[in-house]
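Asker: One structure coming up, written as structure tokens, with questions to follow.
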Amino acid sequence: MPVAHKTLSDLLDEVALKILMIEPGDLSIVGELLDLIDKLLPGNAAAEIPMVIQRMAVAFKGALEKIIMGELSDSAENYDLLGQCVVEMQESARKGGQPGEKIIERFCFNLQQIGVALQPSVLLGLTGVDSAAPEKDAAEDETGAEEECAVASAQIDSVQAQGVAAVGPTQEALPDFLQDTDLLAGFIEEAFEHLESIEVNVLELEQSPDDLEIINNIFRPFHTIKGVSGFLNLKTINRLAHATENLLDDVRNGQRSMDSAVIDIVLTVGDALKSMVVDIKGVLQNGPANYQDPDISGFLADITRLQEGEIGPMPGDSAVLSAPDFSPEVFEPEETEVVASEEPATAAPSMPIVARAAQGGVFPGAVQSQISPAARPVVDSGMKKFGASIKVDVEKLDALVNAVGELVIMQSLVRQNRLVSRIADAKLTKDFSQLTRITSELQRTAMSMRMVPIKQTFDKMIRLIRDLAKKSGKKVDLIMEGAETEIDRNMVESIYDPLVHMMRNSVDHGISSPADREKCGKPETGKVSLRAYQKGGSMMIEIEDDGEGLNTLKIRKKAIERGLVGESDNLSDFELNNLVFLPGFSTADRITDVSGRGVGMDVVKKAVEKLRGKVEVQSQPGKGSLFMIRLPLTLAIIDGIIVRVGSERYIIPTIAIQESVHPERKNYSTVHGRGENLMVRGELVPIIRLYEIFSVPSTYTDPCDAIVVVVENEGRRRALMVDELLGKEEVVIKNLGGLDVPGVAGGTILGDGRVGLILDLAGVIADRAD
Amino acid sequence: MEAASVAQRSGQGAELAGKYLTFSLGQEGYGVGILSVREIIGVMEITAVPHTPAYIKGVINLRGKVIPVLDLRLKFNMSHKEYDERTCVIVVEVQGQAAPMQVGMVVDSVSEVLNIVAGEIEPPPSLGSSSETENIMGMAKVKGEVKILLDVDRVVGEGLLQQLSS
């Protein structure tokens, strides 16, 4: 049971984080969200996932799709409502798939607010899900969603009208997209990948034209490119991708078939997009001086023609169309001109592919696969020139780090070999120390390859804060420090979502409106600081605002309501504030002021803990809050103390260790002859006998003979009883090859080649608490 | 009816025919499909992992990779036998939850690689609903000896999953 529910709650957490990231107008994340939701749908979902949640997912997906299609408004309010739906799904999952009527009703109500009619009976399985879907559609047309629909469709219309009407190059986009060169560079890399994948999938589609999965695979890259280019103000690319996406969407919905006309246009547009991206790269390298926005009106007109049902041959190219499958448009004189007109604008090495193909005398009937090889070198040479970095598969990197770790161990094994160590040869000793230097240098380099500055993540926050502030009518200064601090590559992506959540909190709820701030005697511009620095073996990220702070009274009230603390419990403000990280402490009902889209802070805490980090909040009412995230510098290595218990060796993370002592009898006490405590610096600390919970024979059974290591985890101190301290070492963490054991975070290979287990203190302490 | 079951049987046999690594546990001979075997190593020091069933002996370092090792005797509820110089660990690759994973199986001794043809394979005996027979793909009679053909994905994969949810 725990396995299934873990994955379900993890999935829902991911969904919750994703929904936080959505900004109206940026549909790329909605696409990602759809992918996540797909995993919860009947048919895809693991059998353990309760049916009711699968049904909720179906309804949820329906709403999302309507938003994507523009049938429902792409507004923050709707996403807020969807966020609450996610919270209700989380709640249902926590209740083991037995949500009460109240949750179901709330879920339905929220969806109804968005404009999706849904009866609770559908969720409870009283009506078939499938038969409900068309019903929903029909109902929705009549209900109050009409207004929103009208607005949304008007927007879409205007986009399309703009697209069709666009004659001649548009110039205004030019300076805009150069604002954020880092993001732009990232987009260029990504766009190439996406465009490559379109080509591959189209070729696959030839084999099985009706495979919806492949059509989806073609749809998604266009969708992503559309989203990101919109975000970066690359209007032309955005418009073209958008139009193509619309066309593909018709195919997805079965409104038209994926015939050769569609395939042709998809490939042509793919090529055109590619050359536009090449152009932009040129601009990035050589400056915007000779950039010209390409003309895409031809493509847009073709797409509209296709959408309007004119599948037949276009005037003048009937001969071309008779060539079976591939891009006739490429060779239409008109189209060639369009693309070729970019040529002067392009940086010299990246001459547009299509134009070159045409000039080079590739004739109609020549198939796409012949163009592609020509296209690739152009793209590749461009990539090499750009930046002095290469992309490496993380797996390869991990393999390298692994191998180097192994090398270090083997080296010390050889060195400790009894025969070898007896050789008293100065040359050998010298060579050995040289070898050691080289291997440790190698290890350092291998490790550092996984590290990147956190700057990129931080930079994304600038925009976020600006947009948030603008939207809420607040004035906020973002102060960033330590953006050059390096962080494990694997962590960058995982830390982004929680960071956004917390930044959003700070602006949405921490900072109040300029007028309110004036009243409190604060400058009207609020301040949010984002700091990163290294402290010991950890990376610290702090988010501080000078806003209102957390309302401990409200938190306390809510906690009591939820049964998290008793009426009479005496909790410090620090403890109370940190209750916001508990699951179920979400603020769907807006009781506390810490929320984002009704999704609880527990998702932040879980995301951080997955990275073996910690998150805490300190807050002073009226003065502001400080969220602190502590992360390990790298996920690959842990700094640990090796302890011996009997014949086993365990590694305790140094970060958690406060001290180790040889207990004296007078400091040792028991409660009712069971609970053992040790007085450490005036504080009673419960003793955990490691040999007991791990069921291994130990040398000592009397704590006063043994050594105790005082550790702290999540505010709880414990004294771990061990036989001996063997030393301190930085060890490479490895998973236990499929074993997942409470109290053990992983394994590592010790100096003698054997496996040592790394303790997971949260697990050890929890084990004892049970 | 008779014909149908024979056809079914031989159909199954054809599917199972192929090369098997055979090994012994006590008096019994077993076989695992050669394609899932990665390597055979001598038994080495195993680090015990707490909170696991007895048949999971722990983890070992396989050239820098930590892999779990389970004792097939204990897994099949046979009596424990001290490890000796003939004791081997067969490292097999099975489908894990996300990616393929490697797992070591401690056996008494490794015998040989046999090419088992369809005609030699019979369906597993029906011993009621015993969960033990679920692990068995079929029985092969080779050179007068019976080899029990194990479904490694079941034996090892299921063994670990069981442990995970305990």
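The values are calculated or read from the model by the stated rules, or taken from the named source; none is laboratory data. Being a predicted model, the structure only gives us computed values, none of them experimental. Here the Cβ positions follow ideal geometry from the backbone for every residue, glycine too, while neighbour counts run over all protein chains shown.
Asker: Being away from every other protein chain (no Cβ under 14 Å), in contact (Cβ under 8 Å) with a residue 60 or more places away in the chain, part of a strand (DSSP E or B) and within 26 Å of A:Ala399 (Cβ to Cβ) is the filter here; which residues of the stretch B:30-51 pass it?
Answerer: Of everything in the stretch B:30-51, just one residue is away from every other protein chain (no Cβ under 14 Å), in contact (Cβ under 8 Å) with a residue 60 or more places away in the chain, part of a strand (DSSP E or B) and within 26 Å of A:Ala399 (Cβ to Cβ), namely B:Ile40.
Asker: Given the conditions (1) within 14 Å of chain A (Cβ to nearest Cβ); (2) at pLDDT below 75; (3) farther than 20 Å from B:Leu25 by Cα, and given that B:Gly159 satisfies all but one, which numbered condition is not satisfied?
Answerer: So B:Gly159 meets the others, but not (3).
Asker: Sticking with this structure for a sec: Of the conditions (1) modelled with pLDDT of 80 or more; (2) more than 30 Å from A:Asn286 (Cβ to Cβ); (3) more than 14 Å from every other protein chain (Cβ to nearest Cβ); (4) in a helix (DSSP H, G or I), A:Ala424 fails just one. Which one is it?
Answerer: Result: A:Ala424 fails condition (4) only.
Asker: Being outside the structural domain of A:Ile733 (by TED's automatic domain parsing), hydroxyl-bearing (Ser, Thr, Tyr) and within 30 Å of A:Glu524 (Cα to Cα): is that true of A:Thr485 here?
Answerer: no
Asker: Of the residues in the stretch A:45-78, how many are under 26 Å from A:Glu101 (Cα atoms) and in a loop (DSSP other than H, G, I, E, B)?
Answerer: Result for the stretch A:45-78: 6.
Asker: Can A:Leu499 be described as under 21 Å from A:Val608 (Cα atoms), at pLDDT 85 or above and assigned by TED's automatic domain parsing to the domain that holds A:Gln618?
Answerer: Taking the combined requirement at face value, the residue satisfies it.
Asker: I would also like to ask the following. What is the one condition in (1) under 20 Å from A:Asp182 (Cα atoms); (2) in a loop (DSSP other than H, G, I, E, B) that A:Val283 does not satisfy?
Answerer: Going through (1) under 20 Å from A:Asp182 (Cα atoms); (2) in a loop (DSSP other than H, G, I, E, B) one by one, A:Val283 breaks only (2).
Asker: Which of (1) more than 10 Å from every other protein chain (Cβ to nearest Cβ); (2) within 30 Å of A:Val731 (Cα to Cα); (3) surrounded by fewer than 22 Cβ atoms within 10 Å (Cβ to Cβ) does B:Val106 not meet, given it meets every other one?
Answerer: (3)
Asker: What are the residues in the stretch B:145-156 that are away from every other protein chain (no Cβ under 14 Å), at pLDDT 85 or above and out of contact with any Leu (no Cβ under 8 Å at 6 or more places or on another chain), if any?
Answerer: B:Glu145, B:Val146, B:Ile148, B:Leu150, B:Asp151
Asker: Could you list all residues from the stretch A:600-610 that are crowded, with 21+ Cβ neighbours inside 10 Å and under 20 Å from A:Asp639 (Cα atoms)?
Answerer: A:Val608 - this is the single residue of the stretch A:600-610 that is crowded, with 21+ Cβ neighbours inside 10 Å and under 20 Å from A:Asp639 (Cα atoms).
Asker: Looking for something touching a Lys or Arg at 6+ places or on another chain (Cβ under 6 Å) and more than 13 Å from chain A (Cβ to nearest Cβ) - is there at least one such residue anywhere in the stretch B:52-71?
Answerer: yes
Asker: So in the stretch B:76-103, with the set limited to residues that are more than 17 Å from the chain's Cα centre (by Cα) and within 14 Å of chain A (Cβ to nearest Cβ), which one is surrounded by the most Cβ atoms within 10 Å (Cβ to Cβ)?
Answerer: Residue satisfying both the conditions and the ranking: B:Gln97.
Asker: To continue, here is another question. Given the conditions (1) modelled with pLDDT of 90 or more; (2) more than 15 Å from B:Tyr20 (Cα to Cα), which single one is not true for B:Ala99?
Answerer: Going through the list (1) modelled with pLDDT of 90 or more; (2) more than 15 Å from B:Tyr20 (Cα to Cα), B:Ala99 breaks only (1).
Asker: With the stretch A:708-770 as the region, which strands (runs of 3 or more DSSP E) entirely inside it contain at least 3 residues that are facing chain B (nearest Cβ under 9 Å)?
Answerer: Fully inside the stretch A:708-770 and qualifying: A:744-749, A:755-759.
Asker: Given the conditions (1) closer than 27 Å to B:Pro68 by Cβ; (2) surrounded by fewer than 17 Cβ atoms within 10 Å (Cβ to Cβ); (3) modelled with pLDDT under 80, and given that B:Val113 satisfies all but one, which numbered condition is not satisfied?
Answerer: All conditions pass for B:Val113, except number (3).
Asker: Looking only at residues in the stretch A:689-707 that are under 43 Å from the mean Cα position of the chain (by Cα) and part of a loop (DSSP other than H, G, I, E, B), which one is surrounded by the fewest Cβ atoms within 10 Å (Cβ to Cβ)?
Answerer: A:Ser695
Asker: When both residues are 6+ apart or on different chains and their Cβ atoms are under 8 Å apart, which pairs have a first residue that lies in the stretch A:728-747 and is without any contact (Cβ under 8 Å) to a residue 24 or more places away in the chain and closer than 12 Å to B:His51 by Cβ, and a second that is surrounded by fewer than 22 Cβ atoms within 10 Å (Cβ to Cβ) and acidic (Asp, Glu)?
Answerer: Short answer, once both residue conditions are applied: A:Val744/A:Asp760.
Asker: Also, quick follow-up: What's the number of the only condition in (1) farther than 22 Å from A:Met69 by Cβ; (2) out of contact with any Ser or Thr (no Cβ under 7 Å at 6 or more places or on another chain); (3) crowded, with 24+ Cβ neighbours inside 10 Å that A:Gln285 fails to meet?
Answerer: (3)
Asker: Now, a different point. Restricting attention to the stretch A:624-664, which residues are modelled with pLDDT under 85 and farther than 30 Å from A:Asp573 by Cβ?
Answerer: Within the stretch A:624-664, A:Leu633, A:Thr634, A:Leu635, A:Ala636, A:Ile637, A:Ile638, A:Asp639 qualify.
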